[in-house]
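The structure appears right after this line, and notes come after that.
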Amino acid sequence: MAVVVAVSLALAGLAGAGEKKYSNLHFSVMRAGKKVPVRNASVVLHPVNKDGEQEKGGLELKTDQDGKTEIEGIRYGKLRVQVVAHGYQTFGEDFEIDQPDKEFVIELKRPQDQVTIYK
């Protein structure tokens, strides 16, 4: 009987060690300064490998009228988040996903005038 219990505990430990964890991600995209929601922004998610290189595949989400979007079931690890919206600078940053729920508040800036010596 003790052998069966020990084997069961060992198998349970192995199952837990190889178990992958997943997160629910919540995004709020706002205009920098005024804190106005940016609707219909594209939130692009790409996994990043241990060398910091973007892996193949990815997902694209769109924000609603409140500037919000969310997704469930994203595997723990490094994730590249890019946000693109018409009339705003593109946002991009790598994040470590290591919590069951993670909230992102992303502020987009308006494009700046380019400086040139030719006019």
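The values are calculated or read from the model by the stated rules, or taken from the named source; none is laboratory data. This structure is a prediction, so every number in the text was calculated from the model and none was measured. Surface accessibility is based on the protein's heavy atoms, side chains included, excluding ligands, DNA and RNA. Shrake-Rupley method; radii C 1.70, N 1.55, O 1.52, S 1.80 Å.
Residue by residue through region 46-53, what is 3J(HN,Hα) from phi via Karplus (6.51 cos²θ - 1.76 cosθ + 1.60, θ = phi - 60°)? Round to whole Hz and write x for glycine and proline.
For region 46-53, the Karplus curve yields 10, x, 10, 7, 5, 8, x, 9 Hz.
Under 19 Å between alpha carbons, and skipping anything fewer than 8 positions from K56 in its own chain: which aspartates and glutamates qualify?
In chain and number order, the partners are E93, D94, E96.
Below 20 Å, Cα to Cα, which lysines can K62 reach? Residues fewer than 8 away in the same chain don't count.
Reachable lysines: K35, K102, K109.
Counting only protein heavy atoms and using a 1.4 Å probe, what share of the accessible area of region 71-119 belongs to carbon plus sulfur, as a whole percent?
Working: 1750 of 3740 Å².
It is 47 percent, rounded to a whole number.
Using each residue's phi in region 28-40, evaluate 6.51 cos²θ - 1.76 cosθ + 1.60 at θ = phi - 60° and report the 3J(HN,Hα) Karplus result to the nearest Hz, with x for Gly and Pro.
Per-residue couplings from phi come out as 10, 10, 10, 7, 4, x, 7, 6, 8, x, 9, 8, 6 Hz.
Accessible area per residue, 1.4 Å probe, Å², for region 45-87: what's the number?
Details: 2870 Å² over 43 residues.
Accessible surface, normalised per residue, equals 67 Å².
Quote to one decimal, in nm, the extra length available between E53 and V105 on full extension: 0.36 nm per residue of separation minus the C-alpha distance between them.
So the chain would gain 16.3 nm between E53 and V105.
Going by amide H atoms built from the backbone, whose H comes under 5 Å of the H on K78, apart from near neighbours?
Here the answer is V48, I97, since their amide H atoms fall under 5 Å of that of K78.
Using the Karplus curve 6.51 cos²θ - 1.76 cosθ + 1.60 with θ = phi - 60°, work out ³J(HN,Hα) for each residue of region 59-71 in order, rounded to whole Hz, and write x for Gly and Pro.
With coefficients 6.51, -1.76 and 1.60, one gets 9, 10, 10, 10, 7, 8, 5, 8, x, 10, 7, 8, 8 Hz.
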